[in-house]
1. Can you tell me which residue is farthest from the chain's Cα centre (by Cα) among those in the stretch 3-22 that are in contact (Cβ under 8 Å) with a residue 12 or more places away in the chain and under 21 Å from residue 68 (Cα atoms)?
2. Tell me whether the stretch 25-39 contains one or more residues that are in a helix (DSSP H, G or I), out of contact with any strand residue (DSSP E or B) (no Cβ under 7 Å at 6 or more places or on another chain) and within 19 Å of residue 75 (Cβ to Cβ).
3. Can you confirm whether residue 63 is crowded, with 19+ Cβ neighbours inside 10 Å, at pLDDT 90 or above and part of a strand (DSSP E or B)?
4. Just one of 93, 68 is within 22 Å of residue 1 (Cβ to Cβ), more than 13 Å from the chain's Cα centre (by Cα), in contact (Cβ under 8 Å) with a residue 12 or more places away in the chain and in a loop (DSSP other than H, G, I, E, B); which is it?
5. I'd like the full set of residues that are part of a loop (DSSP other than H, G, I, E, B) and buried (at least 16 other Cβ atoms within 10 Å of the Cβ), limited to the stretch 40-52.
6. Hey, among 78, 117, 109, 123, which residue is in contact with a helix residue (DSSP H, G or I) (Cβ under 9 Å, 6 or more places away or on another chain), more than 23 Å from residue 52 (Cα to Cα) and in contact (Cβ under 8 Å) with a residue 24 or more places away in the chain?
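The values are calculated or read from the model by the stated rules, or taken from the named source; none is laboratory data. Small disclaimer: the values here were computed from a predicted structure and weren't measured. Glycine gets a Cβ as well: all are built from the backbone with ideal geometry, and neighbour counts include every protein chain shown.
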C-alpha cells in the first residue's frame, strides 16, 4: 500500500492540535480510528489538502514497528518526503540520492536502524526495499 500525504500539513497539525506526526499519519492511513474531535478534523482537512506530494510505501510496516524509537520513525518519514514521486513512478526509484542534499547530517542518519547509506551514496529505506 502507498499513502500520499502532506508533511507540512502533518507538521502544522502536530503544533495546532497537539497530535504527534506519527499518530497523524496513522489516522490518515486508516491504521487507527480517531478518538478525539481534533483527530476527525485532521482526517477531513487532509482530504482537502491540494498538494499531497509526499509518498510512503508500506506505511503499515513503519507504523507497526514497536522496537524502533519514534524519533527514528519521524526521521524516516521526513526523509521519504524529500523524494520525487515522478522518479518513483517512472523509474521505480525508491532511494534518496545524497548528492541532492549535501546539508544532511550523515552522522544522524547512520545511527537510524530504519535507514541505510549505500555505497553509491543513496539512502535506502528499510521498509521499502
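1. Per the stated criteria, the residue is 19.
2. Of the stretch 25-39, the ones in a helix (DSSP H, G or I) are 25-29, 37-39.
Okay, now just the ones that are also out of contact with any strand residue (DSSP E or B) (no Cβ under 7 Å at 6 or more places or on another chain), so 26-27, 37-39.
Right, trim to within 19 Å of residue 75 (Cβ to Cβ) and you get 26.
Checking the stretch 25-39: at least one residue is in a helix (DSSP H, G or I), out of contact with any strand residue (DSSP E or B) (no Cβ under 7 Å at 6 or more places or on another chain) and within 19 Å of residue 75 (Cβ to Cβ).
3. No.
4. Values: 93 fails: in contact (Cβ under 8 Å) with a residue 12 or more places away in the chain.
68 is the lone residue from the list that is within 22 Å of residue 1 (Cβ to Cβ), more than 13 Å from the chain's Cα centre (by Cα), in contact (Cβ under 8 Å) with a residue 12 or more places away in the chain and in a loop (DSSP other than H, G, I, E, B).
5. Going residue by residue through the stretch 40-52, those that are part of a loop (DSSP other than H, G, I, E, B) are 49-52.
Correct list: 52 only.
6. Details: 78 fails: more than 23 Å from residue 52 (Cα to Cα); 117 fails: in contact (Cβ under 8 Å) with a residue 24 or more places away in the chain; 123 fails: more than 23 Å from residue 52 (Cα to Cα).
Criteria check complete, one pass: 109.
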